[in-house]
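Let me begin by presenting the structure, written as structure tokens, before commenting on it.
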Amino acid sequence: MDSKIGLGFKFDRIKTPDFYRHYIKYNKKILGMIEPKIKNNSIVSDYGGGNGILARDLLKLCRKRRKVITIENIDIDESRFEKIPRVTGIKGDIRSYRTKGRYDSAIARHIMHYLSPGEQLRFLKNAKNNLKQEGFFLLINFVVDDRKSYEIQGKIFKIVRKWKRIVRKDVPTSEKIKGLCKKSGFKIVKTRKYTYKLSIIDFYKNRYKLSGKQVKELQNSLGVKSHKVSQLAVLMQK
Ligand SMILES: C[S@@+](CC[C@H](N)C(=O)[O-])C[C@H]1O[C@@H](n2cnc3c(N)ncnc32)[C@H](O)[C@@H]1O
């Protein structure tokens, strides 16, 4: 059993086409949804920010507009923190992390599927509590919206769990995420969705460090080599 999968493992630096689409390709467009709302000297939280790949891109975008911001990356796994100027790593659990009205804005990406639906709601309520009045929150997560891909995604998590200790509590859909955002009291300002494919031999093989034999078993059990996934970005206001 590999206990580091999903936590300490720096999977998002792997250079393959699927990783590029999932972690890099849409960053500028998606972060462009919140950048105009961020003022100079803002403090921004990045919930479950990991090695800061998104924080770096937000800093870059703000710098282009001559804005200096500070980002606090709240992550349960401090081994993922990297030294990045203007980014502070805070070891914390987003299910319980509360600091009333501290942040001007917030971002979070690819974190919802680590939480059960109850925990997702608790996290969103905490994020709202931690924002200043009228602050903005950009929540980004992969979603699986068509039935066939939804079933495949669930099966992938189930099969990989036989080999690796992965923490996956939910397969998010657009409707589930938007419903929870509203339930937590946020007002949805704008959403965007980008759809692409993730393949077993590229994304999942590298993501979970699967052997050739495991990849074959996964493909045979699923009867497909890839599935559709989308990146959903929801811009919300407190
Ligand atoms: C898939 S990575 C995404 C990293 C980053 N947000 C990105 O998009 O590049 C998920 C991150 O969430 C963190 N995480 C998982 N559960 C968490 C929790 N309950 N509280 C804080 N961080 C958590 C993991 O340690 C990991 O760094």
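The values are calculated or read from the model by the stated rules, or taken from the named source; none is laboratory data. Quantities reported herein were computed from a predicted structural model and do not represent experimental measurements. For neighbour counting, all protein chains shown are included, and Cβ atoms are generated from backbone atoms with ideal geometry for every residue, glycine included.
Tabulated data for the structure shown
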item: Residues satisfying the stated conditions in the stretch 90-133, i.e. near the ligand (Cβ under 8 Å from one of its atoms), out of contact with any strand residue (DSSP E or B) (no Cβ under 8 Å at 6 or more places or on another chain) and part of a helix (DSSP H, G or I); result: Tyr114, Glu119
item: Residues that are touching a residue at least 24 places away in the same chain (Cβ under 8 Å), more than 8 Å from the ligand (Cβ to nearest atom) and either farther than 18 Å from Leu131 by Cβ or in contact with a Ser or Thr (Cβ under 6 Å, 6 or more places away or on another chain) (or both), drawn from the stretch 73-84; result: Ser79, Phe81, Glu82, Ile84
item: Selection within the stretch 134-183 - in a loop (DSSP other than H, G, I, E, B) and either within 16 Å of the ligand (Cβ to nearest atom) or of a type in the set (D, E, K, R) (or both); result: Val144, Asp145, Asp146, Lys164, Arg165, Ile166, Val167, Arg168, Lys169, Asp170, Val171, Pro172
item: Considering residues of the stretch 75-89 that are among the hydrophobic types (A, V, I, L, M, F, W, C) and part of a strand (DSSP E or B) only, the residue surrounded by the most Cβ atoms within 10 Å (Cβ to Cβ); result: Val87
item: Among the candidates Leu180, Leu198, residue that is under 29 Å from Lys162 (Cβ atoms), surrounded by 13 or more Cβ atoms within 10 Å (Cβ to Cβ) and within 17 Å of the chain's Cα centre (by Cα); result: Leu198
item: Matching residues in the stretch 43-72 - criterion: being of a type in the set (A, V, I, L, M), within 21 Å of Lys128 (Cα to Cα) and near the ligand (Cβ under 10 Å from one of its atoms); result: Leu54, Ala55
item: Residue list for the stretch 22-34, restricted to those being surrounded by 19 or more Cβ atoms within 10 Å (Cβ to Cβ) and either assigned to a helix (DSSP H, G or I) or in contact with a Cys (Cβ under 8 Å, 6 or more places away or on another chain) (or both); result: His22, Tyr23, Asn27, Ile30, Leu31
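Yes or no, residue by residue, for (1) closer than 20 Å to Gly118 by Cα; (2) at pLDDT below 95:
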{"site": "Phe157", "(1), (2)": "yes, yes"}
{"site": "Trp163", "(1), (2)": "no, yes"}
{"site": "Val189", "(1), (2)": "no, no"}
{"site": "Tyr194", "(1), (2)": "no, no"}
{"site": "Tyr204", "(1), (2)": "no, yes"}
{"site": "Lys213", "(1), (2)": "no, no"}
{"site": "Ala233", "(1), (2)": "no, no"}
